[in-house]
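> Please read through the structure below; I'll follow up with questions.
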Amino acid sequence: MNHVEARIEIDRDREIGRIEENIYGHFLESSFFGNIEGGVFDEGSPHSYAGDGPRAGLRRDVIEACQDLGLTVVRWPGGNVASPYHWEDGIGPRGDRPRRLELAWGSEETNRFGTDEFLAWCAEVGTQPYLVHSCRDVDEAVRWVEYTNHTGDTDYTRRRAAGGHPDAYGVRYWGLGNEVYGQWQMGHRSPEEYAAAARDHAQFMRKVDPSIRLVAVGTPSERWTRPVLERVGSLVDYVSLHLYGASTHLYTADSGDDDYDAVVAQPLYFERQIHEYAHLVANLAAAAGVERPLALALDEWNIRHLEPVDWPEPQPSPDGVVVSRDTERVNGRPARLRVNRWSPRTLADALFYAGVFHALHRASGLTVPPTMANTVNLVNANGLLAVRPGGVVRSASYHVWNLYQNHTGTIAIHADVYGPARTGAVRQGDSRDGSGGFATRPGSVPMLDASATLTDDRRLRLAVINRSRTDGIRTRIILDGRAALPPGTVHDLGADESDTMATNTLDSPNRIRLSDRGHVTLDGGTYTFPPHSVTLLSFT
C-alpha cells in the first residue's frame, strides 16, 4: 500500500451548527419490492409475531436489527404510493380490508399492513413515524390526523380504540403530498394548484392538532418553489428535496470499470444541490415575508444501481443478494436503463453514504438547514436490511448509519482538509440525456473528506473518508493550532476489505462491518487513513 501526505486543521471554536438526529432517518413504501410484505411484515413467518392485533405479522428479527441500530424517524406509506393511497382502506379488521390495484407500481395492495400496523411497528422499534398524505382530499387528511392524534370521543377515535389503541398516537410529522411536480404522480398539479391545495390541507390539519410539523413538496426550481412558499410557507416547517446518485457497476464491471470513482464522488453533487436549494428557499421565503423558520427534508435519497432494461428481471436470492442471471456483456452505452431494486449495498456505496452525511453535517449552519433525511429504503429495495425467509442481512449501509448516528457528535465544527485530489467529471446524480449518457460537471474530488463534530459534553469526534482506491493517506491533524492530540479510540469500515464492490450476505454477514480498533495515541498528531475506508477517531 502506498502512502501520501495530507493535513486536517480543526478549530473547536468555529461551530457550524447543530446536527439534528432526524438526518439519519429512513423510509418504507407499501407495495414496493419487499419493503412491507416479506420485509417488516411477514404473516406466517416463524420470525414474526403470531396472534391478533396490530403486532401480528411483524418480523421480530427486523425489529431487533432496527432496535440495535436505533431509528430516528421513518417515512410511510411512500413515496409514489402515497399519491393514490387511501388510509381508511388500511384500518379495521384485516379480513374486511379491500384489496386494491396499486397504481404507483402496478402491483396489488392487500392493505393488511395499514396505519395501526405501521404505528405499532414504530412503537416496537422506538422510532418516530412520518406519515405522508396525497394532498388530494382535505377531509381525508383531516380525518387521518383525527384518527391518529385526537384525544376526544369521536367516531374516528372509537375506531382507533377498536383497532387496539385507545390513546392518541401523537404522530408529529406529516407530508403534504409526494413529488406532485411530476407527471408520474396521481394528482400531478401545477405549482399554483399544489400551493393552494397544500394551504388548505395545512390549515385544517393544524386545526385538529396544532403541534404537528408539516413537509411541503419542494424541488430545485424557482418556478415551483416561489408559489409554494408564497401560499403555504407560513404554515409548514419543511420543504422537501429528493436526490439520487447512480452506479453503473452492474453492467460495466465486466469491461474493467466498477464505477468506484464515480460513486464515491457523487456526494459533491448532493452537497451542491443541498446548498443551492437551501439558499433558494431562504431567498424566496424572505421575499414572500415568511417569518416561520424553515428547514429542508431530504426525505428521499440513495444511490441507484442501474442496468440495461433488456436484461432478465432481477430476483432476490435466499442469501440476501440477487439470483444469478444470464446477462450479456454490454459494449458501449445502453440507451435504456432501469434500477435494480434488489442489488445489495457495496463498500463503495458505504463511502458514498458517509460523504452525504458529511455534506449534511456541513449544511447544518445554513439559514434553511437540512434537519431531516430519509434514505430509500430501510428494508430490501436497496435498503439497510436485506430480509429473506431465512433471516436478516445487515448491509454495508447499516454499519455506516451505526457509525454516524451512534458514534459522532451533535455539533458540527470546521475542519479544513489539505491533501490530494482528483480533477475530472463529477456525475450529477441519476440525470441522463436522450442517448443514456449521464450529466456531469467538472470538479475537484478530494481524496480525504473530514467531518469534525463535538458531543454535547464537548468531546471531539473526527470522521474521515479516504476515497483513494489504493493509497493510505498519512495525515497530520492540527487541533486548535496544535499537533498535540489527546488519546483516543478508532473505529473504521472498509479497512480490512480489498474489494470495493464487496457486500454482506447471510453466509458472510460481517464482510463489511464497523471494526473497533481500540485505543490509539497519535504520534506527532499523525494518523494514516487506509484506502477506500471510513474512519472515526474519538478523543476523550
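The values are calculated or read from the model by the stated rules, or taken from the named source; none is laboratory data. Remember, it's a predicted structure, so these values are computed and weren't measured experimentally. All Cβ positions, even for glycine, are placed from backbone atoms using ideal geometry, and neighbour counts span all protein chains on display. With ligands, DNA and RNA removed, areas are computed over all heavy atoms of the protein, side chains included. Shrake-Rupley method; radii C 1.70, N 1.55, O 1.52, S 1.80 Å.
> Where residues in region 18-38 are among the aromatic types (Phe, Trp, Tyr) and more than 14 Å from the chain's Cα centre (by Cα), which of them is farthest from Thr367 (Cα to Cα)?
Residues of region 18-38 among the aromatic types (Phe, Trp, Tyr): 24, 27, 32-33.
Now narrow it down to the ones that are more than 14 Å from the chain's Cα centre (by Cα): 32-33.
Details: Phe32: 35, Phe33: 37 Å.
So the residue we want is Phe33.
> What pairs come out if I take residues in region 378-405 that are touching a residue at least 24 places away in the same chain (Cβ under 8 Å) and pair them with residues that are open to solvent by 20 Å² or more (accessible area, probe 1.4 Å) and among the charged types (D, E, K, R) whose C-beta lies under 6 Å away, six or more apart or interchain?
If the second residue must be open to solvent by 20 Å² or more (accessible area, probe 1.4 Å) and among the charged types (D, E, K, R), the pairs left are Ala381/Arg341; Val392/Asp61; His399/Arg513.
> Considering region 409-437 alone, what residues qualify as being charged (D, E, K, R), open to solvent by 40 Å² or more (accessible area, probe 1.4 Å) and touching a Ser or Thr at 6+ places or on another chain (Cβ under 8 Å)?
Answer for region 409-437, where residues must be charged (D, E, K, R), open to solvent by 40 Å² or more (accessible area, probe 1.4 Å) and touching a Ser or Thr at 6+ places or on another chain (Cβ under 8 Å): just Arg422.
> For the subset of region 102-119 comprising residues that are farther than 15 Å from Gly164 by Cβ and either charged (D, E, K, R) or at pLDDT 95 or above (or both), which member is most open to solvent (accessible area, probe 1.4 Å)?
Step one: filter region 102-119 for residues farther than 15 Å from Gly164 by Cβ, giving 102-111.
Then keep just the ones that are either charged (D, E, K, R) or at pLDDT 95 or above (or both); that gives 102, 108-111.
Working: Glu102: 10, Glu108: 108, Glu109: 22, Thr110: 20, Asn111: 3 Å².
The qualifying residue most open to solvent (accessible area, probe 1.4 Å) is Glu108.
> Scan region 470-495 for residues that are of a type outside the set (Ser, Thr, Tyr), modelled with pLDDT of 95 or more and open to solvent by 50 Å² or more (accessible area, probe 1.4 Å) and jot them down.
If the condition is that a residue be of a type outside the set (Ser, Thr, Tyr), modelled with pLDDT of 95 or more and open to solvent by 50 Å² or more (accessible area, probe 1.4 Å), then Arg474, Arg476 are the ones that fit.
> Tell me which of these Asp449 doesn't satisfy, since it passes every other one: (1) open to solvent by 50 Å² or more (accessible area, probe 1.4 Å); (2) touching a helix residue (DSSP H, G or I) at 6+ places or on another chain (Cβ under 9 Å); (3) among the charged types (D, E, K, R); (4) in a strand (DSSP E or B).
(1) is the only condition that Asp449 fails.
> Cβ-Cβ distance below 6 Å, separation of 6 or more or different chains: which pairs start in region 49-69 with a residue that is farther than 22 Å from Tyr398 by Cβ and end on one that is of a type in the set (A, V, I, L, M, F, W, C) and surrounded by fewer than 19 Cβ atoms within 10 Å (Cβ to Cβ)?
Filtered contacts from region 49-69: Tyr49/Ala56.
> Which residues, counting only those in region 386-423, are among the acidic types (Asp, Glu) and under 16 Å from Asp349 (Cα atoms)? I'd like the intermediate steps shown before the answer.
Residues of region 386-423 among the acidic types (Asp, Glu): 416.
Passing the criteria: none in range.
> May I pose another question? Go through region 503-540 and report how many residues are open to solvent by 10 Å² or more (accessible area, probe 1.4 Å), at negative phi, part of a strand (DSSP E or B) and out of contact with any Lys or Arg (no Cβ under 7 Å at 6 or more places or on another chain).
Total satisfying the criteria: 7.
> Here's a check for you: in region 145-199, which residue that is among the aliphatic types (A, V, I, L, M) and under 21 Å from Leu103 (Cα atoms) is surrounded by the fewest Cβ atoms within 10 Å (Cβ to Cβ)?
Of all residues in region 145-199, those among the aliphatic types (A, V, I, L, M) come to 145, 161-162, 168, 171, 176, 180, 186, 195-198.
Filter again for under 21 Å from Leu103 (Cα atoms), leaving 176, 180, 186.
Numbers: Leu176: 28, Val180: 27, Met186: 16.
Going through the qualifying residues, I end up with Met186.
> Still on this model: Which of (1) closer than 23 Å to Gly494 by Cα; (2) in contact (Cβ under 8 Å) with a residue 24 or more places away in the chain; (3) open to solvent by 30 Å² or more (accessible area, probe 1.4 Å) is the odd one out, the single condition Pro318 does not satisfy?
(1)
> Among the residues of region 269-283, is there at least one that is out of contact with any strand residue (DSSP E or B) (no Cβ under 7 Å at 6 or more places or on another chain), modelled with pLDDT of 95 or more, of a type in the set (A, V, I, L, M, F, W, C) and not in a loop (DSSP other than H, G, I, E, B)? First the steps, then the outcome.
First, the residues of region 269-283 that are out of contact with any strand residue (DSSP E or B) (no Cβ under 7 Å at 6 or more places or on another chain): 271-272, 275-276, 279-280, 282-283.
Now narrow it down to the ones that are modelled with pLDDT of 95 or more: 271-272, 275-276, 279-280, 282-283.
Imposing the further condition that a residue be of a type in the set (A, V, I, L, M, F, W, C) reduces the set to 280, 282.
Imposing the further condition that a residue be not in a loop (DSSP other than H, G, I, E, B) reduces the set to 280, 282.
Yes, region 269-283 contains at least one residue that is out of contact with any strand residue (DSSP E or B) (no Cβ under 7 Å at 6 or more places or on another chain), modelled with pLDDT of 95 or more, of a type in the set (A, V, I, L, M, F, W, C) and not in a loop (DSSP other than H, G, I, E, B).
> Looking only at strands (runs of 3 or more DSSP E) that lie completely in region 326-432, which have at least 3 residues being out of contact with any Leu (no Cβ under 7 Å at 6 or more places or on another chain) and within 30 Å of Arg7 (Cβ to Cβ)? Walk me through how you get there before you give the answer.
On the way: elements: 337-339, 370-375, 385-388, 391-394, 411-418, 421-432.
In region 326-432, the matching strands (runs of 3 or more DSSP E) lie at 411-418, 421-432.
> Considering every residue within region 346-368, establish whether at least one is more than 17 Å from Arg394 (Cα to Cα) and without any contact (Cβ under 8 Å) to a residue 60 or more places away in the chain.
no
> Can I ask one more? Within region 270-285, can you find the residues that are under 17 Å from the mean Cα position of the chain (by Cα) and open to solvent by less than 10 Å² (accessible area, probe 1.4 Å)? Outline the logic, then answer.
First pass over region 270-285, keeping only residues under 17 Å from the mean Cα position of the chain (by Cα): 270-271, 273-274.
Result: Phe270, Ile274.
> Name the single residue that is nearest to Asn80 (Cα to Cα) among those in region 120-131 being open to solvent by 10 Å² or more (accessible area, probe 1.4 Å) and not small (Gly, Ala, Ser). Steps first, answer last, please.
Residues of region 120-131 that are open to solvent by 10 Å² or more (accessible area, probe 1.4 Å), as a first pass: 120, 123-129.
Of the ones still in play, those that are also not small (Gly, Ala, Ser) are 124-125, 127-129.
Values: Glu124: 26, Val125: 24, Thr127: 22, Gln128: 21, Pro129: 18 Å.
Across region 120-131, the extreme among qualifying residues is Pro129.
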